1. Compute the length gained on full extension between ILE81 and MET1: take 0.36 nm times their separation in residues and subtract their Cα-Cα distance, giving the result in nm to one decimal.
2. I want to verify a result. In a Gaussian network model of the chain, Cα cutoff 10 Å, which of these has the top mean-square fluctuation: ASP19, ASP49, ASP67?
3. Students often forget the sequence filter, so: which aspartates and glutamates lie under 16 Å Cα-Cα from LYS54 once same-chain residues fewer than 8 apart are removed?
4. For the chain, what's the relative contact order in percent, using C-alpha pairs closer than 8 Å and at least 6 residues apart?
5. Work out Dmax and Rg for segment 3-89 from the C-alpha atoms and quote the Rg first, both in angstrom.
6. Identify which of SER60, SER26, SER36 has the largest mean-square fluctuation in a Gaussian network model of the chain, with springs joining Cα atoms closer than 10 Å.
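Throughout, read-outs are computed from the coordinates displayed, never taken from laboratory work. Fair warning: this is a prediction, and the values are worked out from it, not measured in the lab.
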Amino acid sequence: MDVVKLTEERGQVHGDFTDVSEIAQSLKAVVRNGKSFNQLTRVQVEGLDMILHKIARIVSGNANHHDHWQDIEGYAHIVRIRIKDETRKV
């Protein structure tokens with residue numbers, strides 16, 4: 001499959017890349033203004049970034065695409081496990 005066809009197909013599911021980018025970056029800016037943001041681990045920040053990216057895709061593209069929702073669940077699960085692992089080390 002060529003890149004043009006691939007991006008067209010993905011755009012139907014995920015929405016226009018420019019739209020997704022605008023929304024994702026706006027959401028990330030809000031999160032980074034949180035008073036506890038600087039206390040987050042890299043894993044927590046990346047988990048939030050990935051979740052916010054998926055939210056941007058949901059509101060820009062096909063909100064009924066199951067993978068978006070499953071991915072959010074997966075990223076939250078990974079962060080939760082890492083938090084659990086980190087607290088055991090203390």
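1. Taking ILE81 through MET1 to full extension adds about 25.1 nm, to one decimal.
2. With Cα springs under 10 Å in the chain, the top fluctuation among ASP19, ASP49, ASP67 is at ASP67.
3. ASP16, ASP19, GLU22, GLU46, ASP67, ASP71, GLU73
4. 34
5. 14.8, 48
6. In the Gaussian network model the winner is SER36.
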